[in-house]
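A.B. asks: I have a structure I would like to understand better, so I am pasting it below and will then ask my questions one at a time.
The values are calculated or read from the model by the stated rules, or taken from the named source; none is laboratory data. Note that this is a predicted model, so its numbers are computed, not measured. Here the Cβ is made from the backbone with ideal geometry for all residues, glycine too, and neighbour counts use every protein chain on show.
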């Protein structure tokens, strides 16, 4: 899953990114409102973490502008402004959640996971294909009641394919969803990881649609 952090305090932004990367997320960072808006409107993210007091364009304006354009990416406002009126304004501007600084990383992570589990289509916490089950809450993958051990990137790749079950997913989309914007990846990186996944979940699970991408039915 891919997350965008829009936060002008570099230390806070980089600390959050480090923690989220360790949890298996792909993370991009913008340090001002204009750049954050450009990223959010041109790339596809699963969650947007947005500070309110930003240079160039305020977080509230970023939120309203994205919503007015039909962008439904879940937005978590992360700010030092903790008055009830601030929270009301933030949520009324289109945000999905609101967390006040200082905060515990464990709570931030729990809120992000809750937003990620709120997909555009209600798929629930368990994604399935035949006898293959991926649980987005416990981070457990099973096939025929046997647990399969996956790396964080393998898990994210499989989750992305299962969330688009029945559809052909391009390599470009997988790269942008599973790896962050600055990741140094080679053109065949997706092929390599799909190969790893096939060895673990079964070659028949992930189909190659030549010239287009991959598909799970």
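A.B. asks: When you check residue 170 against the structure, is it within 20 Å of the chain's Cα centre (by Cα), over 15 Å from residue 129 (Cβ atoms) and buried (at least 20 other Cβ atoms within 10 Å of the Cβ), yes or no?
C.D. replies: Numbers: within 20 Å of the chain's Cα centre (by Cα): yes; over 15 Å from residue 129 (Cβ atoms): yes; buried (at least 20 other Cβ atoms within 10 Å of the Cβ): no.
Answer is no for this residue.
A.B. asks: When residues of segment 124-151 are filtered for being surrounded by 15 or more Cβ atoms within 10 Å (Cβ to Cβ) and not in a strand (DSSP E or B), how many remain?
C.D. replies: Number of matching residues: 2.
A.B. asks: Now for a separate question. For segment 26-111, please list each of the helices (runs of 4 or more DSSP H) lying entirely inside it that holds at least 2 residues being surrounded by 20 or more Cβ atoms within 10 Å (Cβ to Cβ). Let's see the steps before the verdict.
C.D. replies: On the way: elements: 33-42, 59-68, 84-92.
So the answer is 33-42, 59-68.
A.B. asks: Answer yes if at least one residue in segment 18-27 is over 16 Å from residue 113 (Cβ atoms), assigned by TED's automatic domain parsing to the domain that holds residue 101 and touching a residue at least 12 places away in the same chain (Cβ under 8 Å), and no otherwise. Spell out how you get there, then give the answer.
C.D. replies: Filtering segment 18-27 down to residues over 16 Å from residue 113 (Cβ atoms) leaves 18.
Among the residues that remain, those that are also assigned by TED's automatic domain parsing to the domain that holds residue 101 are: 18.
Restricting the remaining residues to those that are touching a residue at least 12 places away in the same chain (Cβ under 8 Å) gives none.
Within segment 18-27 (the criterion being over 16 Å from residue 113 (Cβ atoms), assigned by TED's automatic domain parsing to the domain that holds residue 101 and touching a residue at least 12 places away in the same chain (Cβ under 8 Å)), the answer is no, since none of the residues qualifies.
A.B. asks: How many of the residues making up segment 1-14 are over 15 Å from residue 77 (Cβ atoms), in contact with a helix residue (DSSP H, G or I) (Cβ under 8 Å, 6 or more places away or on another chain) and either at pLDDT 95 or above or not in a strand (DSSP E or B) (or both)? Before you say what the answer is, go through the steps one by one.
C.D. replies: Just the residues of segment 1-14 that are over 15 Å from residue 77 (Cβ atoms), to begin with: 1-2, 10-11, 14.
Now narrow it down to the ones that are in contact with a helix residue (DSSP H, G or I) (Cβ under 8 Å, 6 or more places away or on another chain): 1-2.
Filter once more, keeping what is either at pLDDT 95 or above or not in a strand (DSSP E or B) (or both): 1.
Final tally of qualifying residues: 1.
A.B. asks: To continue, here is another question. Within segment 188-217, track down each residue that is free of Cβ contacts under 8 Å to residues at least 12 places away in the same chain and in a loop (DSSP other than H, G, I, E, B).
C.D. replies: Hits for segment 188-217 are 188, 203, 204, 210, 211.
A.B. asks: Condition first: under 13 Å from residue 213 (Cα atoms) and not in a loop (DSSP other than H, G, I, E, B). Now tell me which residues in segment 161-183 satisfy that.
C.D. replies: 161, 169, 171, 172, 173, 174, 175 - these are the residues of segment 161-183 that are under 13 Å from residue 213 (Cα atoms) and not in a loop (DSSP other than H, G, I, E, B).
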